[in-house]
Amino acid sequence: MDFSQTYWENLYKTKKTSWDIGYICTPIKEYIDQLTDKSLKILIPGAGNGYEAEYLYKKGFRNTCYLDYSETAIQNFKKICPNFPESNIVKKDFFEHKGTYDLIIELTFFTSIIPERRDILAKKMFDLLKTGGKYIGVFFCHKFGCDNPPYGAIKETYIELIKDLFEIKTFETAYNSIKPRAGRELFFIFQKT
């Protein structure tokens, strides 16, 4: 199956975005709430409808980069957060993106990538971070058993992919997931050293 830009664009056009809960997820919100340095350069890859970017912007994090390659997702985000700087909205394939960030935040992006490309994804996350930078977010912690995203994985799979790249600061079952996902999400903080 082809999981190209067209595939994702069609999902947003037809509103087949079952991973989208309609607001920022609690584990990521609570992580952002404890950040104090508003100058952090932040990337949100596969940002979709952009609830995390909207939340960061409203909290004063002006160096936040929203990245997605679905035009429909970008237009949805612009409706949600109309004052977000156009220059911080990037329509591009994540694997072609260049930059250096203090923090990368993700929700379900990793599980949208076919398992055969996940090692490339992990290396790209590493390359986009400054030394000391953090890659944080929420992973699904189960396999879905299907031929299309989200693929999911178990904790050991994620560890195997990142163990030579990042120091694990936190990697545990999220205690504050929404009810339908309780016990099935891993909150993580990985640091580039």
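Which ones in segment 64-76 are surrounded by fewer than 23 Cβ atoms within 10 Å (Cβ to Cβ) and either outside any strand (DSSP E or B) or small (Gly, Ala, Ser) (or both)?
Scanning segment 64-76 gives 69, 71, 72, 74, 75, 76.
Here's a check for you: in segment 88-108, which residue that is of a type outside the set (Phe, Trp, Tyr) and assigned to a helix (DSSP H, G or I) is nearest to residue 50 (Cα to Cα)?
Here the residue is 88.
Mind checking which residues of segment 52-76 are at pLDDT below 95 and closer than 22 Å to residue 102 by Cβ?
The one that is at pLDDT below 95 and closer than 22 Å to residue 102 by Cβ: 68.
Return only the number of the condition from (1) among the aliphatic types (A, V, I, L, M); (2) over 14 Å from the mean Cα position of the chain (by Cα); (3) over 24 Å from residue 29 (Cβ atoms) that residue 74 does not satisfy.
Here residue 74 clears every test but (3).
Just name the residue that is nearest to residue 81 (Cα to Cα) out of those in segment 43-61 that are crowded, with 22+ Cβ neighbours inside 10 Å and among the hydrophobic types (A, V, I, L, M, F, W, C).
Among those residues, the one meeting the criterion is 53.
The values are calculated or read from the model by the stated rules, or taken from the named source; none is laboratory data. For clarity, every value in this text was computed on a predicted model and none was experimentally measured. As a convention, Cβ positions derive from the backbone with ideal geometry for all residues, glycine included, and neighbour counts pool all protein chains shown.
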